[in-house]
Amino acid sequence: MAIPDYQTLMRPLLELCADGQEHKIRELIDVLAVKFKLTPEERMELLPSGTMTTFRSRVGWAKTYLKQAGALEQPARGSVRITARGKGALNSNVKIDNAYLSQYKEFQAFRERSKPKSMEQSTAAVRTVVTTPEETLQQALDELRGSLINEVHDALLRASPAFFERAVIDLLRAMGYGGTVEDAGTLLGGPGDGGVDGAIKEDKLGLDSVYVQAKKWAADRTVGDAEIRNFIGALQLQRARKGVFFTTSDFSKSARASAAHSDSRVVLINGVELATLMVEHNVGVSVTSTLQLKKLDSDYFED
């Protein structure tokens, strides 16, 4: 039996979690390998990058898509648990694949974030888009990047407040802010001072400072206008011109309006934006493989 694709694995993966208990992904991979009667060679087959087995990768993608659709949840690192929506999918007795998951707005939003901006879209009907090999590769890379951003955001939501603050420090330093490691290390970690957690040098010479607030909140708890006004007031007390407010959640419309109309320059970074910046600046992520695209060297073949 050939190695099943990730959409074929969706229903069997949900079925293994139907008891409502927390399950380790690595254990589910072994059970699924037995269920699909994979040979030892098929179990050991590697992706072209050589970084992971093909089967493990496909189970991982099935898990990711089910999780983004709200059919699975991740209570701890490396574990999954079925949700009420996942149980409903099993009871529906229909094929569970991307088309089925597309009925959920969370999955639609996930696919939209992963979609390259250049991809043609039709509001009337789904069309077949003919792409070049380079465009196909870019679409795949964009989808991988979108999935990674979601994973980083989920990890931040599960992290402790102290870890979240350290991640903010690491990101700011990776972006070129701050002086020495010791300077950055004293940025956060205290009770705050009137709505400000600390300040970091805008450049290594310390010509200006950026004041920072970091709120590690649950995804469903929105930072409101009051918190932003307190932050702006604290900036004014410090006679500060620049401030950045980080959160793992999101900001209300009134909170964004208050930041936009502040005399100080106030930047609001929500959870998804923070995860995106971490991916862009290689904070909390690692490079598993590098692709080289080659083209004909016409000069070499000139007679």
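Selection of region 200-239 for residues being modelled with pLDDT under 85 and closer than 14 Å to ARG265 by Cα yields GLU202, ASP208, SER209, GLN238. Counting the residues of region 72-97 that are in contact (Cβ under 8 Å) with a residue 60 or more places away in the chain, outside any helix (DSSP H, G or I) and in contact with a strand residue (DSSP E or B) (Cβ under 8 Å, 6 or more places away or on another chain) gives 4. What do you reckon, is VAL223 in contact (Cβ under 8 Å) with a residue 12 or more places away in the chain and either among the polar types (S, T, N, Q) or farther than 19 Å from LEU277 by Cα (or both)? Taking the combined requirement at face value, the residue satisfies it.
Restricting to region 238-267, name every residue that is outside any loop (DSSP other than H, G, I, E, B) and of a type outside the set (Gly, Ala, Ser). The answer is LYS242, VAL244, PHE245, PHE246, THR247, PHE251, LYS253, ARG256, ARG265, VAL266, VAL267. The residue list VAL279, VAL285 contains one member that is part of a helix (DSSP H, G or I) and in contact (Cβ under 8 Å) with a residue 60 or more places away in the chain, which is VAL279. When LEU72 is tested against (1) surrounded by fewer than 16 Cβ atoms within 10 Å (Cβ to Cβ); (2) at pLDDT 95 or above, exactly one condition is not met: (1).
Does SER49 satisfy the criteria of being within 22 Å of LEU141 (Cβ to Cβ) and in a loop (DSSP other than H, G, I, E, B)? So SER49 passes the test. Every condition in (1) surrounded by 18 or more Cβ atoms within 10 Å (Cβ to Cβ); (2) more than 19 Å from VAL152 (Cβ to Cβ) is met by LEU268 except one, and the failing one is (2).
The values are calculated or read from the model by the stated rules, or taken from the named source; none is laboratory data. The shown structure was predicted, so the numbers you read here are calculated from the model rather than taken from an experiment. Counting neighbours? That spans all protein chains shown, and the Cβs are built from the backbone with ideal geometry, glycine included.
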